[in-house]
Structures are given as structure tokens and as C-alpha cells.
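The values are calculated or read from the model by the stated rules, or taken from the named source; none is laboratory data. Keep in mind the model is a prediction, meaning the values are calculated, not measured. Ideal geometry is used to build each Cβ from the backbone, glycine not excepted, and the neighbour counts take in all protein chains shown.
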Amino acid sequence: MPIGNTIPVGIVGTGIYLPEKVLTNADIEKIVDTTDEWIRNRTGIQERRIISDDMATSDIAVRAAKMALQNAGVSAGEVDLIMVATISPDMFFPATACLVQKDIGAWNAAAFDLSAGCTGFVYGLAVGSQFIKTGMYKTVLLVGAESLSRSINWEDRNTCVLFGDAAGAVVLRQVEDGFGILSVELGADGSGHDLLKQAVQRTQAPGTEGNCRSAENYLTMAGREVFKFAVKIVGETALKAIESAGLQKNDIDCFIPHQANIRIIDAAAKRLDLPKDKVFVNVQKYGNTSAASIPVALHEAFLEGKIKKGEKVVLVGFGAGLTWGASVIKWAL
Ligand code: UT7
């Protein structure tokens, strides 16, 4: 739906953190019965990043958050709210956002986590922008951060080839009239809750092994079903958001979908009649980083000059829940 004709809210700074350790398809060939060819052909992924043993999700979230604040020219003390979208939090509780608050010294900020699977960042944009639109807050720090390598069964070739670790952050604030978030569409279908899940959360404090490794401790996915859902929902939701923003397909300058599988991205681009140069893809480098995927892609697209001030960007997420969401932004930077 249109985001409302009140205070215009947009992204005023972005930041990312990518763990140094690179795990290539060739490395995974040594772990499970798979091939580089299968992974590239079926997913587009060539390599992914893996968080170091002495770090947790909050640590990578903090690094991305600091970069976003610096790029926005905003001090930690000015932040009113920190939201961390994640399905791999450090602990059951407290929220990872509270650890981020402590580490960046944002002592004036409220803090909570948001769980909406790989759609977490788009849900976060909707939630965070509302606080600013109502006038309750001026500055919101939204982070998508995941260390899913710790949720994966490294003996399951159906899942272990797909995911990677990363963090991306944005700062939300009032922007010029006519700029910023133009529309958001959110959705959920809990009847698909079983298709992508981790029934029991491992604790992920640095230096601990977490609780015992039963089957329930791992992420599981019915890949083919999620694939079918994704191919349908990405194009559909993007179109709704474009329409809600009062725009048409050919008004879109940059399409940034959740980076899960190149075949899903290609199908959506086809549905939206978008040429390749308007579609941002980095799944080959990082795999599926869940809630971190869209903010990481957004940061890279901006850095590479693929988004310029006044251009219209479409973000689309989909994932566990099942959940989905899309947003159209008129870029304000
Ligand atoms: O971010 C949340 C959203 N998640 C997603 O978007 C993921 C959506 N799903 C997918 O991207 C795809 O379904 C996968 C990439 C997970 C799988 O691709 P697929 O084309 O749907 O393959 P499949 O699951 O239908 O499996 C085809 C074959 C099977 O063998 P049989 O039964 O045909 O003999 C699998 O056992 O490929 C086999 N297979 C593998 N072979 C080599 C599954 N994983 C692997 C593997 N290496 N890693």
C-alpha cells in the first residue's frame, strides 16, 4: 500500500559487513556429495562467507551498523531505535539489537529484534518508517544480520550449499518531499510454516558449541516447494508495490530482490519486463544471507553507482513463515 502522505522517510546511509572467510563451491565439494556445476546451474552461487569462530550475529551487525551511521553522518547518540532483522540471533533473549546498542553506544535508543525470515529487512523498513512518519522517532537504525552457517547441517547437501553469513544496515530518517519510501506491501502465509524452519534455536554465544545437535537444531527446507512459492510471489508482490507507488514497470530503475537463487531472480525480472542491467545480482558471491541479503545488495548497488538520486528502486523479500514483502523507494542520496 502507499506509505501515506505524511513525513517522507528514506534511507540516509548504508553499511555492510562480510566475514573474511570465503567458502567456495570447490570447498563444499570436499564436505558433501555435490559439484560446483550443480550449485552454479541450480542456484547461481559460486562462493559464500562464513563468520569467524569468535564472532556472533551481533558482532557482524555492529560492524555494518557503524558503517551505516558513518555514511549517514549520524552519531550513535542520535539513534532513537535499533531493529535487528534476524533468524540467527545470538541468544533466545535478550534481543541481538540490545547487544548492538551496547557495542555502538546508542544509549538513547530503544532496541528489539524482528523475525520474518528472509523478508525481515522489508518488514523492518515498514516498521521503522512508521515510527518516523508518526513523529515518534527521528532516527532508526535497521540491521539485517545472519550467521546461518551455524544453523546449517553441514552433512545435508540440500541446504548447506545455499546459505552464507553477512550483515547489512541502513539509517532511516526524514528526507526531502517526494523522496524516500513510496510504498510497502507485506504478506504472510503461516500454512507454509513447515517448509523452511529451524525448530530449536541454538545458542550462539562466541566460544560455545551451543546446545546439542539433534535434527531439530538445524535449518530444514523443502526446496522445491519454496522455489515454486518464490517464483510466483516475487513478481506478484513487486508489481503490487509498484502499482501502490503510482508507478509502472518501466518506471523502475533498479530491482533488488532477495538473493536466494538466480533462477528465481531471472523469473521475476522476466515478469517485470526488466532488462538485465536494471537487476542487481550478487548471489554468486555471498549465497543466500537471509535478512542480510537485501541491505547488502542495496549497499553494493549504491556503491557501484547503480542507484542515483531520484531513481526508483524496488526491493522484494520472501522466505520463512512463509512471508513476503516489497517496497518501492525513490532514492534520496
Ligand atoms: O531464502 C529463503 C528462500 N529459499 C529459497 O528461495 C530456496 C528455494 N529453492 C531453491 O532454490 C531450489 O529448490 C534448490 C536450489 C534448493 C534446489 O534446486 P531444485 O532444482 O529445486 O532441485 P531439487 O530439490 O528438485 O533436487 C533435484 C536433484 C535431486 O536429486 P533427484 O531426486 O532428482 O535424484 C536432489 O537430491 O538434485 C539433488 N540435489 C543435489 N545434487 C547435487 C539436491 N541438492 C544437491 C546438491 N548437489 N547440493
task = Could you grab me the full set of residues in the range 125-150 that are closer than 15 Å to V171 by Cα, of a type in the set (G, A, S) and more than 16 Å from the ligand (Cβ to nearest atom)?
result = A126, G128, S129
message = For the structure I just gave you, tell me whether A241 is among the small types (G, A, S), within 21 Å of A267 (Cα to Cα), modelled with pLDDT of 95 or more and more than 16 Å from the ligand (Cβ to nearest atom).
response = yes
request  = Search the range 1-51 for residues being assigned to a strand (DSSP E or B) and among the β-branched types (V, I, T), and hand back the single one that is nearest to the ligand (Cβ to nearest atom).
outcome  = T24
note = Of the residues in the range 168-190, those that are within 16 Å of the ligand (Cβ to nearest atom) and under 14 Å from A85 (Cα atoms) come to G168
inquiry  = Need the failing condition index for D90 against (1) surrounded by fewer than 24 Cβ atoms within 10 Å (Cβ to Cβ); (2) modelled with pLDDT under 95, just the number.
reply    = (1)
request  = Restrict the check to the range 89-98 and report whether at least one residue is aromatic (F, W, Y), out of contact with any Ser or Thr (no Cβ under 7 Å at 6 or more places or on another chain) and under 30 Å from D266 (Cβ atoms).
outcome  = no
